[in-house]
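Heads up: the structure comes next, in structure tokens.
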Amino acid sequence: MSNPAEAKTASSVGLGTCCLKGQASEDQVYEGLKIGYRLLDTASHYENEGNIADAIRRSGIPREDVFLITKIWFDDMGERAAPAFQESLKRLQTDYVDLLLIHFPGTNDAVQSPAANAKRRAETWRVLEEAKAAQQARSIGVANFTRRHLKQLLATCKESPEVMQTEVHPYFQQPELLELCRQKNLKIQAFSPLAHGELGLLNDRLLTGIAAKYQRSVAQVVLQWLLQQDITPIAFSGSPKNMMENFAVKDFSLTSQEMDRISFLDRGPNARVGFDPNLIA
């Protein structure tokens, strides 16, 4: 990706917006932009694209200085993908997005057709390729794809995906998927990098010990662990204090031994926060 905004955000924490709508969403993004966030992650499914556009305009920050991500939801895959993307652009009040993703590899209906899902993925990917050719999407990629879905896409696409956005945190590390992404030159973005509170990640004994050594928060240690793997974290918070803390991770580094010790915290699929895309045919 050669977009200047991507160069500015490649080593920074992105701001997730999945959990807020309306004025709360606008205020969150506005505060995030004031703090210094320049990578904003949204999706049509979040129902806040218009609020994010309002926040960018309210901030006075030029559109070209913001790296804006949106996604096509699985209900819009196939023949609905092209008009759905145009609707997103209209809500975002922009002529282009910096990154357009397929949000999910398919429907999570109880009864699925592998052939139908594969066809919808291929049709939707063509829409993304066309969006990039028309300069309405500066870069294109996928979210929540498994190794199987990604390999299938790579075998049939004209233009390869540039980004994989997937769940990654110390308790759920997906090493095989991430290795495939690196082999195929996909930039990795991590959503839910701090996991859910019920997992207790932020109270982990190893992480709290490392945080105490650096006089940092556990959240900052986790985000730095991702950044040092060249993974861009997409961290959600509605609190300006936490947003500021999450963003301020660039002036310390973890040792290689600490990076290795954190890698042993992986609990596998049982620590997944979101829906399991392996259930999609």
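The values are calculated or read from the model by the stated rules, or taken from the named source; none is laboratory data. Note that the structure is predicted; figures quoted are calculated from it, not measured. FYI the Cβ positions are ideal-geometry reconstructions off the backbone, even for glycines, and counts take in every protein chain you see. Note: accessible area is taken over every heavy atom of the protein model, side chains too, but ligands, DNA and RNA are not part of it. Shrake-Rupley method; radii C 1.70, N 1.55, O 1.52, S 1.80 Å.
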- Task: Could you check which residue among Gln220, Gln165, Gln23 shows the biggest mean-square fluctuation in a GNM of the chain with a 10 Å Cα cutoff?
- Result: Gln23
- Query: Quick one: if the Förster radius is 22 Å, what FRET efficiency do Met244 and Gln93 give, using the C-beta to C-beta distance and rounding to 0.05?
  - Reply: 0.25
- Message: Using each residue's phi in region 190-205, evaluate 6.51 cos²θ - 1.76 cosθ + 1.60 at θ = phi - 60° and report the 3J(HN,Hα) Karplus result to the nearest Hz, with x for Gly and Pro.
- Response: 10, 9, 6, x, 9, 6, 8, x, 5, 6, x, 4, 6, 10, 4, 5
- Note on the structure: Quick note, region 137-281: a/c under 1.5 would make it rounded; otherwise a/b > b/c is prolate and the rest oblate (a ≥ b ≥ c, C-alpha gyration tensor); here it is prolate
- So, relative contact order of the chain in percent, Cα under 8 Å, 6 or more apart, is 20 percent
- Message: Compute a Gaussian network model of the chain, connecting alpha carbons closer than 10 Å, and tell me which residue from Pro193, Pro105, Pro114 fluctuates the most.
- Response: Pro114
- Query: Which FRET efficiency value, to the nearest 0.05, do you get for Phe252 and Ser113 by plugging their Cβ-Cβ distance into 1/(1 + (r/R0)^6) with R0 = 51 Å?
  - Reply: 0.55
- Item | Antiparallel content of DSSP bridges confined to the chain, in %, to 5 | 5 percent
- Normalised contact order of region 128-281, rounded percent, pairs of Cα under 8 Å and 6 or more residues apart: 24 percent
- Note on the structure: Carbon plus sulfur, as percent of the 1.4 Å-probe accessible area of region 91-215, comes to 47 percent
- Sorted by accessible area with a 1.4 angstrom probe, largest first, how do Tyr96, Tyr37 fall? Tyr96, Tyr37
- Mind jotting down the distance between the C-alpha centroids of region 81-129 and region 164-233, whole Å? 27 Å
- Item | 3J(HN,Hα) from dihedral phi, region 253-261, Karplus parametrisation 6.51/-1.76/1.60, rounded to Hz, x for glycine, proline | 9, 8, 6, 4, 5, 5, 4, 5, 5
- Note on the structure: With the 1.4 Å probe rolled over protein heavy atoms, the chain has an accessible area per residue in Å² of 44 Å²
- Among Lys90/Lys132; Lys90/Lys119; Lys71/Lys241; Lys71/Lys158, the pairs whose Cα-Cα distance exceeds 25 Å are Lys90/Lys119; Lys71/Lys241
- How far apart, in nm, are two points set 7 Å out from the Cα along the Cα-to-Cβ line at Arg63 and at Asn278? 4.2 nm
- Gaussian network model of the chain, Cα within-10 Å springs - most flexible of Ala122, Ala131, Ala155: Ala155
- Entries of Lys213/Lys250; Lys187/Lys213; Lys21/Lys151 with Cα pairs more than 27 Å apart: Lys187/Lys213; Lys21/Lys151
- Mind giving me the FRET efficiency for His196 and Asp266? R0 is 22 Å, r the Cβ-Cβ distance, nearest 0.05 is fine. 0.85
